[in-house]
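What follows is one structure encoded as structure tokens, with my remarks underneath.
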Amino acid sequence: MSKTYVQSAIQIAAQLKNRQLTVKAVVSQVLDRIRIGEPRIKAYLDIFNDEALAAADQVDRLYDKGDPLPPLAGIPIAIKDNICMKGKKTTCASKILENFVSPYDATVIKKLAAHHLIPVGKTNMDEFAMGSSTENSAFFPTRNPWDESCVPGGSSGGSAAAVAAGEAILSIGSDTGGSIRQPASFCGLVGMKPTYGRVSRFGLVAFASSLDQIGPITRTVEDSAHLLNAICGYDSLDATSSDQAIPDFAASLNNPIQGRKLGVPRHLFDLIENAAIKESLVNALDVLKSDGVTWEFVDINAFDYAVATYYIVAPAEASANLSRFDGVRYGHRAQGVENLAQMYKQTRGQGFGPEVKRRIILGTYALSSGYYEAYYLKAQKARTLVKEEFNRLFAKYDAIVTPTTPTLPFKFGEHANNPLAMYLSDISTIPINLAGLPAISVPCGFSEGLPMGLQLIGKPYDESTLLNIAHQYQSQTNHHLTFPSQLEALYGV
């Protein structure tokens, strides 16, 4: 068995193109690792063994014909289980949708199919994408491949753990307040949150509609750029989809970054208590400085009030979006009820987990008569201030740089009785969703055997600059080339 789990998707694709490897061999290796690793990692809720092998045969025939194929054709990919796939369960890791089978494909699934990527399964997540640890799944927690006593992050923890464990080459997640970038950081991967509207949300089960965005989780920045090329684009089925021109994100990866100017939030840097994370940020800035990049500390107020703003806006939108799960049209329905009101209460009481209930209650309160202006309206005004502050910053800086998270991956149960501590773990990522900006997390080191991530935040629709800077940084480091030793031993290679 070759070590495809430490190769990038583009490296594997090159071997597929020259027929050193077959698609079926690559997919079979991934399915073997799922079979071996899943009893420990638990990244998947559903595995498409037969369908993936059949699709591999089809793509192999295309390669054998010699016709030009997209760059990622034949690469196995994992799909977060809040993205609809026709004929497959889409549970959002919730009891209320435990047996729901989607009647249609999300736009992003159609785009992946058009590029001949091969879905191998649906990944575990925090229920309805509400959480930062994948402990809130209704079915089971996913474990961090680097340390199985630690969380993989969330809510896209299954998608990140699958790639980190070699159980997928690429994966797709969703990001509402950091749910791609934070698990990518915790699992030593690249996580890209595109500009709001870049990727169609049609077929993504909504948590907070003005914040949600689909994006890639990969081993390398180059893979992220190619996968972004595949999934971006205007979609008439999504009213918030952007018609901005889509550049070739991979084309500018190797451009020189000399002269780029970065801002580092002073107050956020001072707030971080973990010395290793601070040191990794400084080391990363030194690497970029050697490429001719300049940086300076800057005062940014957005990070001070973004968390409070987010936890009014996001629960309010969740309260509205999740009102459709009532036992009438689809999903779980409570049995033995005497009237409609009782059915609503028992269905939602049985179907939703504690974190989802907590956010529904908080959001309903914020939207209720007498409190709307005091909370929700004020939060929307604060959100406008966040956007305006970033607009002013980007008149001077090409990107803002932060650690992706203020802590290393934490132990299971560490924040179980302290939701506020869990919410504050997203302090670096939340402002980006409020402002609708692109951001990327790239591996920047290890401490205590656990990965750390560097976050780059960019101007709206300027993913190319972020990918360029991140790729140039990654080309001078080897953090992404390491693999959890206990899994390597388990796979016997």
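Among rounded, prolate and oblate, which fits the stretch 196-311 when a ≥ b ≥ c are the square roots of the eigenvalues of its C-alpha gyration tensor, a/c under 1.5 means rounded, and a/b larger than b/c means prolate? Here the stretch 196-311 falls in the oblate category.
Of all accessible surface on the chain at a 1.4 Å probe, what whole percent is carbon and sulfur?
Roughly 52 percent, rounded to a whole number.
Scanning residues 5 or more positions from Ala334 or on other chains, those with amide H under 5 Å from its amide H are Thr347, with H placed 1.01 Å from N in the peptide plane. Taken over the Cα atoms of the chain, the convex hull encloses 139 Å³ per residue. Straight-line reach from Lys411: taking Cα to Cα under 12 Å and skipping same-chain neighbours fewer than 8 places apart, the aspartates and glutamates in range are Glu135, Asp147, Glu148.
What order, most packed first, do the peptides 325-332, 441-448 have when packing is the mean number of other Cβ atoms within 10 Å of each residue?
The peptides rank, most packed first, as 441-448, 325-332.
Averaged over its residues, the stretch 33-151 has an accessible area of 36 Å² per residue, based on protein heavy atoms and a 1.4 Å probe. For Asp304 and Phe446, the difference between the fully extended length at 0.36 nm per residue and the C-alpha to C-alpha distance is 48.4 nm. Taking the solvent-accessible surface of protein heavy atoms with a 1.4 Å probe, what is the per residue accessible area of the stretch 414-482 in Å²? Ligands and nucleic acids excluded, the result is 30 Å² per residue. Computed from backbone phi with θ = phi - 60° and the Karplus coefficients 6.51, -1.76 and 1.60, the 3J(HN,Hα) list for the stretch 273-284 is 8, 6, 5, 5, 5, 4, 5, 5, 5, 4, 4, 5 Hz; x is used for glycine and proline. Cross-link reach is defined here as a Cα-Cα straight distance under 20 Å, omitting same-chain residues fewer than 8 places apart; for Lys17 the aspartates and glutamates meeting it are Asp57, Asp60, Asp64, Asp67, Glu222, Asp223.
First measure r as the distance between the Cβ atoms of Lys289 and Lys387, then evaluate 1/(1 + (r/R0)^6) with R0 = 30 Å and state the FRET efficiency to the nearest 0.05. It comes to 0.55. Going down the table (Lys111/Lys289; Lys65/Lys459; Lys88/Lys357; Lys357/Lys459; Lys193/Lys396), which pairs top 31 Å between alpha carbons? Distance filter (> 31 Å) returns Lys111/Lys289; Lys65/Lys459; Lys357/Lys459. Residue ranges 46-53, 397-404 sort as 397-404, 46-53 when ordered by packing (mean number of other C-beta atoms within 10 Å per residue, highest first). Estimated from helical segments only, the mean residue ellipticity of the chain at 222 nm is -12000 deg cm²/dmol, where each DSSP H run of four or more residues counts as -39500 (n - 2.57). In the stretch 283-342, the alpha-carbon atoms span a convex hull of 187 Å³ per residue.
State, as an integer percentage, the relative contact order of the chain based on alpha-carbon contacts under 8 Å between residues 6 or more apart. Once divided by the residue count of the chain, the mean separation gives 18 percent.
Relative to the current alpha-carbon distance between Asn274 and Asp67, full extension at 0.36 nm per residue lengthens the span by 69.3 nm. Under the simplified labelling scheme, the Val6-Phe140 pair shows an inter-label distance of 2.8 nm, with each label point 7 Å from Cα along Cα→Cβ.
The values are calculated or read from the model by the stated rules, or taken from the named source; none is laboratory data. The structure presented is a predicted model; accordingly, all values stated were derived computationally and were not measured. Cβ coordinates were reconstructed from backbone atoms using ideal geometry, including for glycine residues, and neighbour counts include every protein chain displayed. Accessible surface areas use protein heavy atoms only, side chains included; no ligands, DNA or RNA. Shrake-Rupley method; radii C 1.70, N 1.55, O 1.52, S 1.80 Å.
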